[in-house]
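The values are calculated or read from the model by the stated rules, or taken from the named source; none is laboratory data. Bear in mind that the values here come from a model prediction, so they are computed numbers and not experimental data. Heads up, the Cβs are rebuilt from the backbone with ideal geometry, glycines too, and the neighbour counts pull from every protein chain shown. With ligands, DNA and RNA removed, areas are computed over all heavy atoms of the protein, side chains included. Shrake-Rupley method; radii C 1.70, N 1.55, O 1.52, S 1.80 Å.
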Amino acid sequence: MVSVPVEITINGRVFSGEVEPRQLLVHFIRENAGLTGTKVGCDTSQCGTCTVQLDGQIAKSCTVLAVQASGSTVNTIEGLSNGVDLHPLQEAFWNKHGLQCGFCTPGMIMASEELLRNNPSPSREEIRHALEGNICRCTGYQNIVSAVEEAAGAMGGS
Ligand code: FES
Ligand code: FES
């Protein structure tokens, strides 16, 4: 079996290894790096549960090969808090009941973090637009939008 070397910085830590050329980034994150916060919901780029930030921009990690991400920086849900305090988005999803089963939550939060970085005071419409690539089977979305709104306020937006 052919394998190729990859080296990816995930949440500030370098992970390297030999992988099959077809290995997806999401599997590298979960299996090689052991960071299981990032979920696989569909494997066909539909659901957004695998959303991470790749060199600062959100990406569905089931649509990227690990070899393509070699040399890049990835941020996952595990890198969002400082290990002690929840990130304001995590806090707001909790406060506003923005999750039920929680399966979509890591992807929702990583996409929301990018939104708030670029637009600190988004309207509900803008939040919905930013999250349209992320599917939730549980909540009906109202509470997710409210959570992002609350986090925007907590982070200095409105
Ligand atoms: S698992 Fe990647 S979009 Fe669904
Ligand atoms: S909280 Fe269950 S899929 Fe979104």
(message) I'd like to verify a number: residues in the stretch 145-155 that are farther than 21 Å from C101 by Cα and either open to solvent by less than 10 Å² (accessible area, probe 1.4 Å) or of a type in the set (S, T, N, Q) (or both), how many?
(response) 1
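One residue is enough: does the stretch 130-144 have a residue meeting the conditions touching a Gly at 6+ places or on another chain (Cβ under 7 Å), open to solvent by 20 Å² or more (accessible area, probe 1.4 Å), in a helix (DSSP H, G or I) and within 16 Å of ligand 1 (Cβ to nearest atom)?
Of all residues in the stretch 130-144, those touching a Gly at 6+ places or on another chain (Cβ under 7 Å) come to 133-135, 139, 143-144.
With open to solvent by 20 Å² or more (accessible area, probe 1.4 Å) added as a condition, the list becomes 133, 135, 139, 143.
Then drop every residue that is not in a helix (DSSP H, G or I), which leaves 143.
Checking the rest, the ones that are also within 16 Å of ligand 1 (Cβ to nearest atom) come to none.
Checked against the condition, which is being touching a Gly at 6+ places or on another chain (Cβ under 7 Å), open to solvent by 20 Å² or more (accessible area, probe 1.4 Å), in a helix (DSSP H, G or I) and within 16 Å of ligand 1 (Cβ to nearest atom), the stretch 130-144 yields no hits at all.
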(request) Return the pairs, sorted by first residue and then second, in which the second residue is among the hydrophobic types (A, V, I, L, M, F, W, C) and surrounded by fewer than 16 Cβ atoms within 10 Å (Cβ to Cβ), the first residue lies in the stretch 1-14 and is closer than 23 Å to G79 by Cβ, the beta carbons are less than 8 Å apart, and the residues are 6+ apart or on different chains. (result) E7/V14; I8/V14
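The rows are residues; the columns are (1) basic (K, R); (2) without any contact (Cβ under 8 Å) to a residue 40 or more places away in the chain.
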| position | (1), (2) |
| --- | --- |
| M110 | no, no |
| S123 | no, yes |
| E126 | no, yes |
| R137 | yes, yes |
| A147 | no, no |
(request) Name every residue in the stretch 34-92 that is of a type in the set (S, T, N, Q), out of contact with any Cys (no Cβ under 7 Å at 6 or more places or on another chain) and touching a residue at least 40 places away in the same chain (Cβ under 8 Å), in order of residue number. (result) Q46, T51, Q53, Q57, Q68, S70, S72, T73, N75, T76
